[in-house]
Structure formats: C-alpha cells, structure tokens
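Any read-out appearing in this document is the output of simple, stated calculations on the displayed coordinates, not a laboratory observation. Because the structure is predicted, anything quoted here is derived from the model rather than measured. All Cβ positions, even for glycine, are placed from backbone atoms using ideal geometry, and neighbour counts span all protein chains on display.
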Amino acid sequence: MKLLNLLGASFSMSLRRSMAFRINLVFDVLLAFVGLGTAVAPVLIVFTQADTLAGWSKAETLVLIGTYQLITGLRGTFVDPNLSWFPDNGIRNGKLDSYLLQPAPSLFLASLSLSSPLTLIQLVPGLGVLGWGIAVADVRPGPAGVLGYLLLVAAALVVTWALSVLLACLAFWAPKLQLDVFYHSAWQLGRYPTDIFTRPLRVVLTYVFPMALIASVPSATLLRGAHWPVLLGAVLAATVLSALAATAWQAGLRRYTGATS
Amino acid sequence: MRTFVLLGFRIRQEVLEWSGAWWFLATLVVQAVIGPLIGLFVWSAVYPDDPTIARYYVAIILVTLMTESFEQHTFSERIYDGTISHELLRPQPVVIGVLGANLAIRAWLTFLGAPVVLLTGLSLGTGFDWRSVLVSLPAVVLAAALVFLLTFLLSMTAFWTQRVHAVVGFGHSLIFLFGGTAAPVGFLPDLWRQVAELSPFYAMSGLPAELAAYGGSVWSALALQLFWLVVLLAAVGLLWRAGVRRYTAVGS
C-alpha cells in the first residue's frame, strides 16, 4: 500500500512537471499516431496481398499490434524513465546513491519512482487499434478469452518490468555495457506474430527473451480462447522473472560501492 | 581542396574516436538491421517461394547500414548544450564536423554490419548479379547523401524545438514506410505506389536496393535522386541561415 501511495505521488508530480511543457504534448500526440501508423500500415499492405500472415488473420494481427502498443506505452510511461540508460544515469552519475539513502525499497525507487505521463497518450491509438481488431474479428471474444487476456497482459507487464531490471542489473558487473539500443531494437520483434519467424528465433522469442508473451500470446488468447497451460506458463514466467530480477538487484547492490563521495 | 583536406582529417579523427565504442556501434548495427530483417520475415511468410524477396531485403539491409544518419545526436545535442558555438567560431564550415561524424559512423556500421549481411545472404541462398550491384553504387552514394541531408535538415529544428528526436523520428518513419523497408514499393496499393516512387524516401532506400537486386534503368533513378538532392540542398541552406540567426548562446 505504501508503495502504491508512493507510485501515485510520483506520478502526480511527474504529471504536473510535464504539463508545464504543453507544446511537447502536441509532439507526443503526433508521435504516438505516427508510431502506430508505421506499425499498422505494413500489416494493412500485407493483407492487400494475402488473407493471412503465418496463420494470423487481419483481425488477430490488429489486436496484436494494439496490445503491443498498450504494453509499450505502459513501459514508456512507468519503466523507461527510470531504467533507460541505467549504466550512465544510475551508476556513473551516482543517482543510485540517493535512492539507497531513502526510506523505501531501492528496487522500487530505481525502477518505478519516475514516470512520463505524456507517454500514456500512446494508449489511446493502441486501444483504438485493439478495438478495430475486435470489431472486424469473425468471432467475438468470450468471457474466458477476455479474462485470460487481462491476466496475460498483467503477466506481460511484469515480464516487461523484470526484463528492464535485469538489463539494468548488468550495469553492476559491466558499467560500460550499454544495451538500451539493442533492447529497444529487439523489442520491435514483439510487434508481429512470432509465427512469422524461423523456428530457432521463435524458440528464443518464446523461452529466452519472451517477446511472445508481450503481444502474441495475449492476442491469440483473446480471439482464439484461453488455454490453462498457456495462462499458467505466463504466470510462472512472470513470477520467475520478477524473482530473478529482485535477486539480481540484491546481488548487484552487494557489488556496488558507490559513485559519489 | 582545403575543405576536402579538413573533411579527411575530421573523418580520421571521428573513426579513431568511435573505435573505442565498438560495442555501442554493434548495438547501432542491430538497430539498423532489425527493421529490414522484420520486413524480410514478414514478406517471406507471405511469399515463401519467392527468392527475390530475400535478395531485395539483403540489399535493403546493406543500403540501410551504408546510409544511416544520426545528426539528431551528433548535431542537435550540440545546439542544446551550446557546444555548437565552438564550431561556429572555427574558420571552417560547421557542416564539416557533422559530415565527418556521419561518414565515420557509417564506415563503422558498414564494417561491423557486413557479417550480418553476409550471414543473411548465405543462409537464404541469395545470389546477386554483380553487374547490377556495381551499377547501383552511384545510386547508393546519392541515397546516402539524401538521407544525410534529410536528417540534417530535420535536426536543425533543434534551433526552434526541444523535440528534435520526435521530428527526426517522424522523417525516418516516412523512409521506413515509403522507402521500401516496410514493404517493397511494388507491393503498395496503386496510388500509394505512385506517390512513393516519386518521393525522396524511395530514392533514399528502396531505389538503390532494387537496382542492386533486380537491375533496371539507372539513368531515371539517378535523375530522381539528383532532383531531390538539389531540393534538399536548397532547403538545408535556407534552414541553416534561419537557424543560425535564431541561435543565441551565453557563457565563455
């Protein structure tokens, strides 16, 4: 509860700070639509040439893109402002030191205390595309599909946070290793059904770097129905990854000796 | 002549500076190739038996690596932190520094990305007609110039706004959509295809890649590229003059 209050307070402060620069809001709105346009347009072009994309219908692919946009928007709002360029911002500039001195869990402060409320705008076109996909689907999602979808989106958010924390933790061992560009590039692989990729890459995207969990699995569940093994697997993956992130963070802190005097 | 000598020194300096950041450059290679690779996977899933798709996208990957531009980082950030003042005081055009950094980064990206291109080409059994590849080289050079000019042009909006990364991102989205990375331009619906084929974005990416992959009329390709080169050069000149007039700096 205390952490939720802290999250709410920091979001409120970030929102007030952001509203001081209103022209930036215009740019963020434009960029959100352009970003989604570059994701939707190729898919629409594909469906002028084919009826399905690796077994995915147009409606399913639109739902996938909308879901991807939702998760990406939430990541950009709550996780990226904290953990982007962590080796520079957190370790070398000594920001982590100030978190360690505050009376709250350092992992929470380092990974969730800042937010970028304007990025939430990305959710609007994302929801629009999600609704579009559902509207043009041959079959309406059932209650089990909707509940399964919500559970999987929650699991995807936990996985997203955990992956970002694990990436940041690398900075404790290799402070010069800057993988943000790589991570954000690899993230784009989640924008399309994992079925389009060759088998080895599909295995990596399902079990090693679980981008399939981000959008492909929730979207398939919404329109094709929920399957217990899939739901359990996603919850298990989220639990294991978040435990791994917390353990890596503690191990990293034991190595950390401070950047400032 | 003096300008070329200065540019040569600047490229050498930048190549040496960036040699210490090879790991970061490798992540930039990944960033550059991921879009074309996704396009390759998508269109290979749609047309699994068409070998020209792989050939086209291998060419697109190489063209992308050779034409990447990062002036929103190498130039705009210097406007934001005021260090562009140092360049303005030097007895040489500011663009030499920007161009030197651009060419050095491209050289590194091409060098580090070559194995990715080779591996992709070999794993997909892609074959090229080397005459077409040679003939496409002038178009690749002009494409590189066009991408630089567009990115530099958009980066100059840093004189007016703090959201230069969004502005440049918008420009690169247009290259992705209309340049032939999201889909080969021939697959676009008719009206969009006609618009794309006349746009500068196609001249920056898809056009040289198509020449390398399929061959075609070089002279009409070069004419289109030269037309957009003149337009962008004029736009860069105008915006530079307006931007420098607006720029103010404080401090010593």
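Conditions tested, residue by residue: (1) at the interface with chain B (Cβ under 9 Å from one of its Cβ atoms); (2) surrounded by fewer than 18 Cβ atoms within 10 Å (Cβ to Cβ); (3) on the phi > 0 side of the Ramachandran plot.
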| site | (1), (2), (3) |
| --- | --- |
| A:LEU15 | no, yes, no |
| A:PHE21 | yes, yes, no |
| A:LEU31 | yes, no, no |
| A:ALA50 | yes, yes, no |
| A:ALA59 | no, no, no |
| A:GLN69 | no, no, no |
| A:VAL79 | no, no, no |
| A:ASN82 | no, no, no |
| A:GLY90 | no, no, no |
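Which helices (runs of 4 or more DSSP H) sit wholly inside the stretch B:144-252 and have at least 2 residues that are away from chain A (no Cβ under 11 Å)? Steps first, please.
Numbers: elements: B:164-178, B:190-198, B:200-204, B:206-214, B:218-246.
Filter on the stretch B:144-252 gives B:190-198, B:200-204, B:206-214, B:218-246.
I need a count of the residues in the stretch A:52-95 that are part of a helix (DSSP H, G or I) and under 17 Å from A:PHE172 (Cβ atoms).
The qualifying residues number 10.
Which residue, of B:ARG131, B:ARG90, B:ARG163, is closer than 28 Å to B:GLN13 by Cβ and among the basic types (Lys, Arg)?
B:ARG90
Assuming B:ARG55 fulfils every condition listed in (1) basic (Lys, Arg); (2) more than 30 Å from A:THR48 (Cα to Cα); (3) surrounded by 19 or more Cβ atoms within 10 Å (Cβ to Cβ) apart from one, which condition is it?
Answer for B:ARG55: the failing condition is (2).
In the set B:PRO138, B:PRO36, B:PRO115, which member is away from chain A (no Cβ under 14 Å), in contact (Cβ under 8 Å) with a residue 40 or more places away in the chain and not in a loop (DSSP other than H, G, I, E, B)? Please lay out each step first, then the result.
Working: B:PRO36 fails: away from chain A (no Cβ under 14 Å); B:PRO115 fails: in contact (Cβ under 8 Å) with a residue 40 or more places away in the chain.
Only one candidate passes the filter, namely B:PRO138.
Which residues, counting only those in the stretch B:177-197, are touching a residue at least 40 places away in the same chain (Cβ under 8 Å) and crowded, with 22+ Cβ neighbours inside 10 Å?
Listed by number, the residues that qualify are B:GLY180, B:THR181, B:ALA182, B:ALA183, B:PRO184.
From the list A:PRO210, A:PRO143, which one is without any contact (Cβ under 8 Å) to a residue 60 or more places away in the chain and either crowded, with 23+ Cβ neighbours inside 10 Å or on the phi > 0 side of the Ramachandran plot (or both)?
A:PRO210
Looking for whichever is over 16 Å from B:GLY121 (Cβ atoms), at the interface with chain A (Cβ under 10 Å from one of its Cβ atoms) and assigned to a helix (DSSP H, G or I) here; the options are B:LEU7, B:LEU28, B:LEU16. Which one fits?
B:LEU28
For (1) within 30 Å of A:SER10 (Cβ to Cβ); (2) among the small types (Gly, Ala, Ser); (3) without any contact (Cβ under 8 Å) to a residue 40 or more places away in the chain, each residue gets a yes or a no:
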| residue | (1), (2), (3) |
| --- | --- |
| A:ILE45 | no, no, yes |
| A:ASP51 | no, no, yes |
| A:GLY55 | no, yes, no |
| A:LEU62 | no, no, no |
| A:THR77 | yes, no, no |
| A:PRO81 | yes, no, no |
| A:ARG92 | yes, no, no |
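Are there any pairs with C-beta distances below 8 angstrom linking a residue in the stretch B:50-79 that is at negative phi to a residue that is β-branched (Val, Ile, Thr) and assigned to a loop (DSSP other than H, G, I, E, B), with the two at least 6 apart or on different chains, and if so which?
Every condition considered, the pairs that remain are B:PRO51/B:THR126; B:ALA54/B:THR126; B:ARG55/B:THR126; B:VAL58/B:THR126; B:ILE60/B:THR181; B:THR64/B:THR181.
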